[in-house]
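**Q** Sending over a structure as structure tokens; questions will come in a sec.
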Amino acid sequence: MNGTLYVPSLIKEIPVTKVICQHIDRMSKVLSSLNNGSNFVQTCSLSALQHLESDSVDYLFIDPPFGSNIMYSELNFLLESWLQVKTNNKEEAIENRTHKKSSAEYRQLMADCLTEAYRSLKPGRWMTVEFSNTKAAVWNSIQTALTEAGFIVANVSSLDKKQGSELVPVPERDPRILFDQIVAYYVRKGYPVPISRQEFQLGLVQRFPERDGMYFLPDQAAEYDKKRMTVKEVLQLQLFVSDEASAIQWLKQQLTKKPQTFQDIHPQFLKEIGGWQKHEKALELSELLEQNFLRYDGKGEVHSQIHSYLSSNFKELRSLAKDDPTFKAKAKDRWYVPDPNKAGDLEKLRERALMREFEEYRESKQKRMKVFSLEAVRAGFNKAWQERNYATIIAVARKIPEKILQEDPKLLMWYNQEVTRYGDSERANIRHFRKLRVYQNAMEAAMKIFELTKTFPKEEKYLIVDQMRRS
């Protein structure tokens with residue numbers, strides 16, 4: 001029964017004084033090794049670090065609660081009963097229905113703690129947060145709390161206990177994620193986003209060196225090149241195609257490595273979309289390719305991306321020029337990733353198509369949409385924000401299932417900002433059954449009955465008292 005707490009059938013008594021002495025001995029050894037006058041141990045809440053001055057800490061390492069993974073105070077019940085000390089779990093940063101703590105309360109508690117951590121850190125210094133959870137909503141909560149506290153997430157990596165000879169890519173250096181972080185900053189500050197995605201990505205190409213699809217500062221690029229020479233391969237991020245955005249990213253990954261025809265990539269695409277989300281509108285591969293990539297039609301010189309791949313993998317083509325008829329025949333109908341200038345034009349066409357779809361959602365009479373395109377909703381929220389049409393964001397958000405809204409960081413960001421400004425009484429009132437008047441009245445009546453039956457004679461404990469409390 002791994003992970004289960006229970007009272008064993010065979011009990012071995014251990015003297016409490018012996019255990020305490022062992023702990024004191026271990027602690028004294030640790031403190032003596034760190035006895036340089038600047039170390040101390042204290043138990044307190046991270047949301048109230050009064051003993052630390054502002055801008056005084058060089059580095060922080062924290063291991064916060066992982067959403068609803070572990071109920072710390074409840075699991076400590078046996079020890080607290082023995083010590084006659086009860087934890088004040090009002091400020092415990094967890095998700096717990098019994099404590100009336102949803103993901104919103106958890107996010108706020110974490111934001112309070114991280115704000116205090118931000119205050120204590122010196123400017124430009126770092127904090128490491130160890131975190132693990134399988135729910136997207138919990139990850140969104142911790143990411144939102146970090147951003148609200150003022151932190152910038154520089155890197156997210158998995159804890160790998162094995163020593164390997166592979167280079168792992170950093171998602172935060174991907175141009176799309178970099179742009180999303182900029183948008184999040186301006187939105188939370190209440191400012192209009194001053195640059196489009198196309199302009200931003202073009203600026204990245206012009207100002208920063210690119211390595212394996214990631215962008216670096218010049219000195220960082222030099223360090224990356226050194227590491228790159230010492231490893232066998234650069235691992236590709238594992239993508240799970242579940243919606244339009246992940247499908248486009250997967251296609252970009254495949255076509256960057258190898259420009260392919262529709263017939264080549266279609267069988268692979270069908271294998272990847274097995275995990276397509278139920279609420280996500282189904283899309284054809286041909287539509288995704290037309291809206292996001294370019295195809296060589298056999299006219300003019302072969303594009304450099306296709307030329308580089310074909311000349312590297314086919315010996316008979318290595319000495320041929322880009323306008324050679326044999327080379328052009330081999331390259332015809334291959335799809336490839338466009339350069340930033342042409343990608344901007346494609347992005348505008350795609351955005352117009354997404355906005356047409358968003359308008360259909362806005363005008364729809366459905367109370368809850370079952371199938372829709374998340375990309376269209378994101379594009380619509382973005383434009384509504386730029387136009388300060390906040391009512392549209394709240395209106396469409398009401399039609400999206402709560403679970404999907406909580407698990408998508410972009411939608412949640414837009415929606416939270418608008419609720420903060422204007423409120424969404426309809427969604428707030430139906431957020432939980434505990435806010436219903438009938439539930440509150442029933443709870444009040446139950447507690448009064450419980451208090452009343454405490455005054456009954458002891459001999460009635462398992463008779464009328466038990467019956468009244470259960471009824």
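Please treat every number below as a calculation from the coordinates, not as lab data. Given the structure is predicted, the values throughout are model-derived calculations rather than measurements. Glycine also receives a Cβ, built like all others from the backbone with ideal geometry; neighbour counts cover every protein chain displayed.
**Q** If you add up the charges near L270, with Lys and Arg at +1 and Asp and Glu at -1, over every other residue whose beta carbon is less than 14 angstrom from its beta carbon, what do you get?
**A** Value of the local net charge: -2.
**Q** Can you list the aspartates and glutamates whose alpha carbon is less than 16 Å from that of K461, not counting same-chain residues fewer than 8 positions off?
**A** Partners within reach: E451.
**Q** If you take the square roots of the eigenvalues of the alpha-carbon gyration tensor of the stretch 262-421 and sort them as a ≥ b ≥ c, do you get rounded (a/c under 1.5), prolate (a/b over b/c) or oblate?
**A** prolate
**Q** Give the long-range amide H neighbours of K101: residues separated by 5 or more places, or on another chain, with amide H under 5 Å away, using H modelled in the peptide plane at 1.01 Å from N.
**A** Distant-sequence amide H within range of K101: N96.
**Q** Compute the Cα gyration tensor for the stretch 63-155, then decide on rounded, prolate or oblate, letting a ≥ b ≥ c be the square roots of its eigenvalues: rounded whenever a/c is under 1.5, prolate when a/b is larger than b/c in the other cases, and oblate in all that remain. Spell out each step's value before the answer.
**A** Details: a/c = 2.30, a/b = 1.68, b/c = 1.37.
Prolate, since a/c reaches 1.5 and a/b exceeds b/c.
**Q** If we count every other residue with Cβ under 11 angstrom of K122's Cβ, Lys/Arg +1 and Asp/Glu -1, where does the sum land?
**A** Neighbour charge sum, excluding K122 itself: -1.
**Q** While we're here: Leaving out same-chain residues fewer than 8 places away, which aspartates and glutamates sit with a Cα under 12 Å from that of K90?
**A** Those aspartates and glutamates meeting the cut-off are E105.
**Q** With 19 Å as the limit, write out which pairs from K271/K315; K299/K332; K227/K252; K271/K330 have Cα-Cα distances beyond it, or answer none.
**A** K271/K315; K227/K252; K271/K330
**Q** Short version: ³J(HN,Hα) in whole Hz for each residue of the stretch 94-106, in order, from phi by Karplus 6.51 cos²θ - 1.76 cosθ + 1.60 (θ = phi - 60°), x for Gly and Pro, what are they?
**A** Listing the rounded values in order: 9, 9, 7, 5, 4, 7, 6, 10, 8, 5, 5, 5, 4 Hz.
**Q** Something else about it: Please arrange L463, L52, L354 by counting, for each residue, the other beta carbons lying within 10 Å of its beta carbon, fewest first.
**A** Going from sparsest to densest Cβ surroundings: L463, L52, L354.
**Q** Using per-residue counts of other Cβ atoms within 10 Å, averaged over each peptide, order 326-335, 282-291, 449-458 from highest down.
**A** Result, highest mean Cβ count within 10 Å first: 326-335, 282-291, 449-458.
**Q** I'd like to compare 84-95, 384-395, 358-369, 105-116: which one has the highest average count of other Cβ atoms within 10 Å, and what's the full order after that?
**A** 105-116, 384-395, 84-95, 358-369
**Q** Another question, if that's okay. Kindly flag which residue pairs out of K370/K399; K258/K410; K367/K403; K100/K403 have an alpha-carbon separation exceeding 20 Å in this structure.
**A** With Cα atoms farther than 20 Å apart: K258/K410.
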